[in-house]
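Mind having a look at this structure? Questions to follow.
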Amino acid sequence: MNFRLFASLIVLTVLRLVYIGNVGLMPDEAYYHEWSQRLDWWYFSKGPGIAFIIRAGTTLFGHTEFGIRFFAPVFGLGTTLLVHWLAKRIYDARVAFWTVVVMCVSPIFNAGALLMTIDAPSIFFWAASLCTLWLALEKSPAFSWWWVLTGLLTGVGFLCKMTNTAFFASVFLLLIMTPRYRGELIGRGFWAMLFVFIPFVVPAVLWNQSHGWPTTTHLAARGGLDAAWWNFDFGAFVEFVAFQFGVHSPLIFFTMMMALVATVAPSFGRWFAAVARSVSKFPSSLRTSWIGWAVLAVLLLGLWMAGNFFERTGFYLTAKIVAVVAAILFIGAHKDATNIQWKSRFLAAFALPLLLSYTWIALHHKTQPNWTAPAIVSLAILTTSYGLDRVLRGVQGARKFTVAAFALGAVMSIVMVNTDALRIIGIPLPYKRDPGARMVGWREVAKDVAVFRDTIERESGQKTFLIANSYGTAAELCFYLPENQKRIEAPGHPAVYVAESPVAENQFHFWGRYDEFEARAAPVLNDQADSAEYGINRFAGRTAIYVTDNPLENLPMSQLCFQLPDGTWVLRTFAKWEFKTVFDYAKFDLPLRKVNVFLLYRYQPGKLLD
C-alpha cells in the first residue's frame, strides 16, 4: 500500500473517531451496551462478541458514545487494509487501490465503520478469513496452518454474527466447483478448519440448552423459516432489492450485479447443459456403477429411518445434504470444462451464496438490508476488477459511469453522516423515512421521563419502576437516564424493563424481571406480595411508568379497557392504567418522535400465568 493511500485511511479513521462521540446511540447500540454490562456465554439472538468488544471500549474510554463505538472505526480501518492486501494478492496494486475507494464510498461500509453493531467485526473477520483461505489454497495440495487460522477467524466472526458460518458453505461450493481443489474436501486442511471451529459453537449450544433454545426459534421467525416455501411475499422482495440499491449506493450495486452476472452466467449455462446430459446418462450409470448407487440409496434410506426412529430433523437434513452433494458431483462429471477465471470464481463464491440465500428469504419474509453485509468484501474486489477492465478497454461511457458511481456513493455516505444537512438546504426529508433519526433525541426523551418520574414519586410518596414497549426504547432510556434515575431494583436487574410476555422476545427477558418471584423464607398468608404457587414478588402492588414510542392511532383504542394500546400483557397484570402525557419532539418543523407515557397501578404478579 502506498503511503498516500495509507495516510488517507488514517485521516478518514480519525474523522470517524471524532464523529462517533458527537451523535446519539442507535437503539441496537444501546441494547448491546446493556449486554456488555452483563457478560455471558451467549445471548438471545447473537453471540457474545459484540458485548466483549463494547466492554473493552467502555473500559478504556468510559460509558460514553465514544467508548461504545471506539472499535467500529478501528474495525473499518482493519477491513480496508485486509481488502487491499487481498485485492493486490489476487490482482495487482491498481485493483487494490480502487477497491479501497469502492469500500470507502459505500454507505453500508461507512455505516459499519461508525456504528458499533455486529456488522463491523463480522465484515472484518470475514475479510480476514478470506485472506487466510487464499494463502491456504496457494499452498495446496500441501497442508497449511492457514486452514486452521481460517477456522479460528471464522469462529470469532461467528461469535459476532452467525452469518459468518456461511463462509464454510462458500468454501465448500468453491472447492466442489473447482476440479483442481476438489481433493481438499478430503484433505487435512479442510477438516482441520472445521474442527477448530467446533469450540466456538459450544457456548451457543450450552446457553440455548439451558434457556429453552430461544436463538433457534428467533432465527426461524426472523428468517420466515416456519412459513411454507410456496407462500411468497413479493412486497418484501421488492423492499429487499430496493434496500440493497440504497445501502450500497445505486450505481455501485448495479455494477456489483453486472460483475457477478458476467462472472457466473456462462457457468450456469454449462450446468444447465450438464443437467440435461446427466439425465440421459443416468440409466447407463445405474448399470455400470450400480454398487455406488446402491450404497448411496442405503445411506439415504438409513438416514431417513433414523430420523423417523429418533424423531430428529437433523437426520433428514443430513440426508438432503448428501443427496445434493451426490447430485452435484454426478452432474459435474458431465459438465464441460469451465472457462471462468479462478480469481473471479473465488470472489463470486463468497458473495453469491449469501445473496441467493437472503433473496430466497426475502421472497417469503421481511429482511434487513445489512444481512448481506459480509458479501461486500469479495463483491468490492470483483466489481473493481470488472469496472477497471471496462475502463481500460475504453468501453463507451464506462469512465463517466465510474466517476458518477464514486461521486454518488460519496455524497450518499456524507449525507448519511448528517441527514440534517438536507433539511438545512430546504429538502424536507421526513424523519420517519430517515434511518439516522433513530439516533436523535433519546437524551431529551430520557430527561423528560426522569422529570415526569420525579413528579409522580413526589406527589404519590412512592417509588415507581419503568417499563418500555421495546428493547430499543428500554436500552436507550437505560443509557440516557440521569444517574440518579438509573435505579436498580435488585442485582441483575436493568434500570428499565420491557413488558412481560409469556415467551422470551429479547435479552431483557433473561435478566432480572419485574414479574419474577423469589423464594419465601416462610409462608405468608393473605399478603398481596405473596403467591402460594409462585413465591414472593417485590413489585406487587406498586405503580409503574410505561413508556412507548409507538403511535397510538395505529393501535386498538377500543380495547383500552382490557389492555394498554401498546402492551397486551401489561394491563392484564395491573389493576388499572391511566394515560398521562405525550412528549412530542420535532426538528426543522418536522415531527421527529412521539413518546406516550402511561401510569400502571397496583401490579398483580402471576396474573399473566392464570
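The values are calculated or read from the model by the stated rules, or taken from the named source; none is laboratory data. Owing to the predicted nature of the structure, the values given are computational and were not obtained by experimental measurement. So basically every Cβ, Gly included, is an ideal-geometry build from the backbone, and we count neighbours across all protein chains shown. What goes into the accessible areas is simple: the full protein's heavy atoms, side chains included, and nothing from ligands, DNA or RNA. Shrake-Rupley method; radii C 1.70, N 1.55, O 1.52, S 1.80 Å.
What list of whole percents do you get for P(r) of the range 351-416, with Cα-Cα distances grouped in 5 Å bins up to the one holding the largest distance?
3, 15, 16, 18, 18, 17, 10, 3, 0
Please give the contour-minus-distance gain from A490 to A142: 0.36 nm per residue of separation, less the Cα-Cα distance, rounded to one decimal in nm.
So the chain would gain 119.5 nm between A490 and A142.
Kindly point out which whole DSSP H helices in the chain project their C-alpha atoms 30 angstrom or further along the helix axis while averaging a Kyte-Doolittle hydropathy of -0.5 or above.
Within the chain the helices that satisfy the rule are 188-211, 250-288.
Could you give the size of the charge dipole of the chain about its Cα centre, using +1 on the Cβ of each K and R and -1 on the Cβ of each D and E, expressed in debye and rounded to the nearest 20?
2340 debye
Return the calculated 222 nm mean residue ellipticity for the chain, to the nearest 500 deg cm²/dmol, obtained by summing -39500 (n - 2.57) across DSSP H runs with n ≥ 4 and dividing by the residue count.
Only helices count here, giving -19000 deg cm²/dmol.
I'd like to check one number: the per residue accessible area of the chain, probe 1.4 Å, reported in Å² as a whole number.
48 Å²
Report, to two decimal places, the Cα Rg of the range 295-419 normalised by 2.2 N^0.38 Å (N = number of residues).
Cα-based Rg divided by the globular estimate yields 1.59.
For the pairs K366/K447; K46/K366; K447/K587, flag any whose C-alpha to C-alpha distance is greater than 25 Å.
Result: K366/K447 exceed 25 Å.
Calculate the spin-label point distance for T59 paired with R399, positioning each point 7 Å from the Cα along the beta-carbon direction, and give it in nanometres.
5.3 nm
First select every other residue whose beta carbon is under 13 angstrom from the beta carbon of S144; then total the charges, Lys and Arg +1, Asp and Glu -1.
0
Moving on. Tell me, what is a quarter of the convex hull surface for the C-alpha atoms of the range 105-168, in nm² with one decimal?
4.7 nm²
Right, here's the next one. Please give the contour-minus-distance gain from A276 to E518: 0.36 nm per residue of separation, less the Cα-Cα distance, rounded to one decimal in nm.
Stretched fully, the A276-E518 segment lengthens by 80.4 nm.
Taking +1 at the Cβ of each Lys and Arg and -1 at the Cβ of each Asp and Glu, which of V74, Q368, Y32 sits farthest along the dipole of the chain towards its positive end, judged by Cα position relative to the Cα centre?
About the Cα centre, the residue reaching furthest to the positive side is V74.
Evaluate the distance, in nm, between pseudo-label points positioned 7 Å from the Cα of F309 and of Q209 along their respective Cα→Cβ axes.
Going from the F309 label point to the Q209 one covers 2.3 nm.
Normalized C-alpha radius of gyration of the range 276-341, against 2.2 N^0.38 Å?
1.37
Would you mind getting me the FRET efficiency between E578 and R222? Use the beta-carbon distance for r and R0 = 30 Å, nearest 0.05.
0.30
Scattering from the C-alpha atoms of the chain alone, worked out with Debye: what is log10 I(q)/I(0) at q = 0.06, 0.11 1/Å?
These q points yield log10 I(q)/I(0) values of -0.39, -1.17.
V411 to V503: extension gain in nm, 0.36 nm per residue of separation minus the Cα-Cα distance?
Length gained between V411 and V503: 28.7 nm.
Among L429, W442, S460, whose Cα lies farthest out toward the positive end of the dipole of the range 413-461, if unit charges sit on the beta carbon of Lys, Arg (+1) and Asp, Glu (-1)?
Ranked along the dipole, the leading option is L429.
Which entries of K432/K594; K161/K486; K343/K400 show an alpha-carbon separation above 21 angstrom in the structure shown?
K161/K486; K343/K400
So, with a 1.4 angstrom probe, what is the percent of accessible area on the chain that is carbon and sulfur?
The value for the chain is 65 percent carbon and sulfur by accessible area.
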